[in-house]
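Input: a single structure, listed below in structure tokens.
The values are calculated or read from the model by the stated rules, or taken from the named source; none is laboratory data. From a predicted model like this one, the values you see are computed outputs, not experimental measurements. Heads up, the Cβs are rebuilt from the backbone with ideal geometry, glycines too, and the neighbour counts pull from every protein chain shown. For accessibility, only protein heavy atoms count, side chains too; no ligands or nucleic acids. Shrake-Rupley method; radii C 1.70, N 1.55, O 1.52, S 1.80 Å.
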Number of protein chains: 2
Amino acid sequence: MTKKTIQGCCSVLVAPVEERDAEGLCLAFKALSDPARLRVLSLIASQPTGEVCACDLVAPIGKSQPTVSHHLKVLFEAGLVTKEKRGSWIWYRAVPERLAELRTALDPSPAFAAV
Amino acid sequence: MTKKTIQGCCSVLVAPVEERDAEGLCLAFKALSDPARLRVLSLIASQPTGEVCACDLVAPIGKSQPTVSHHLKVLFEAGLVTKEKRGSWIWYRAVPERLAELRTALDPSPAFAAV
DNA sequence: TCGGCATATCGATGGACGTCGATACCTTGC
DNA sequence: GCAAGGTATCGACGTCCATCGATATGCCGA
């Protein structure tokens, strides 16, 4: 009655790197798993100049300043944005390389097997 | 002292579609925001046959059967996998189109502005 | 029809997370 | 030095979530 005798059970291939890498990827995906944060990143990445001052994010997002600051911190710690202090203001930029990493991880072609 | 007089303040472009689409994308990213779930998806997608029986996922993931079942449900509801019942077993497959959607959303080229 | 296996659901629990007001820190202009 | 504004941190609160054991449902073979 076992499936093996009927279907020829699949030998689930467990990639050994999996467990460690999954943690790192999850940190990034977790950063994208909140609507407000996704919009923050979108606002930053869609700028013609490539950068946004933190103070200009509060109004469009519609959350309090501490909340936006918190989300920016999460994005920063996930490696999705960089910040640069200029005067009183802090400018945020998206990190294309990190985004490319995530896209690669979501590629169903052979590369995904290595996730 | 305002930034506008010094830097020429950025006019943060708010995409109107943003809020609605962010919710849909977040559902998928949230599904990927757990290490166990990421590994489940990886195991499914990396199969040569393209499909995996649910029963073969419990052992590699190292979580209880109800937990794995829960994770599969989340992935299914996020549109990342499909399931097909054959006899007593349920076979899961990845959904390449949905993965492609996410890759597109993470593209820093113009497309990302529409997220 | 019955026993066994695969899968899903339920209920409970401990921990993580989003949110905000209050507040502290730092920089700038006066 | 002082006042004002931008930003981060803190503490608290309510909610969501991952996890598991127990249990229900469904399918198959005997």
- Given a 1.4 Å probe and no ligands, DNA or RNA in the count, how much accessible surface is buried by A and B, both sides, to the nearest 100 Å²? 4400 Å²
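What is the calculated FRET efficiency for A:Lys85 to B:Leu27, with r their C-beta to C-beta distance and R₀ = 35 Å, to the nearest 0.05? Could the numbers behind the result be given before it?
Numbers: r = 35 Å, r/R0 = 1.00.
The formula returns an efficiency of 0.50 here.
Write down the accessible area per residue of segment B:19-98 in Å², having rolled a 1.4 Å probe over the full set of protein chains. Mind showing how you got there, number by number?
Working: 3710 Å² over 80 residues.
Dividing the accessible area of segment B:19-98 by its residue count gives 46 Å².
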- Do you know which residues of segment B:55-78 lose at least 50 square angstrom of accessible area in the protein assembly compared with their chain on its own, with a 1.4 angstrom probe? B:Asp56
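Just to confirm a number: summing +1 for Lys and Arg and -1 for Asp and Glu over residues other than B:Arg98 whose beta-carbon lies under 15 angstrom from that of B:Arg98, what do you get?
Working: positive: A:Arg103, B:Lys30, B:Arg37, B:Lys83, B:Arg93, B:Arg103; negative: A:Asp107, B:Asp21, B:Glu77, B:Glu97, B:Glu101.
Cβ neighbours under 15 Å give a net charge of +1.
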- How many angstrom separate the Cα center of segment B:47-95 from the Cα center of segment A:24-98? 34 Å
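Give me the net charge of A:Val81's neighbourhood, meaning all other residues with Cβ under 11 Å from the Cβ of A:Val81; Lys, Arg count +1, Asp, Glu -1.
Overall, the nearby charge balance is +2.
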- Carbon and sulfur atoms: what percent of the 1.4 Å accessible area of segment A:34-104 do they account for? 54 percent
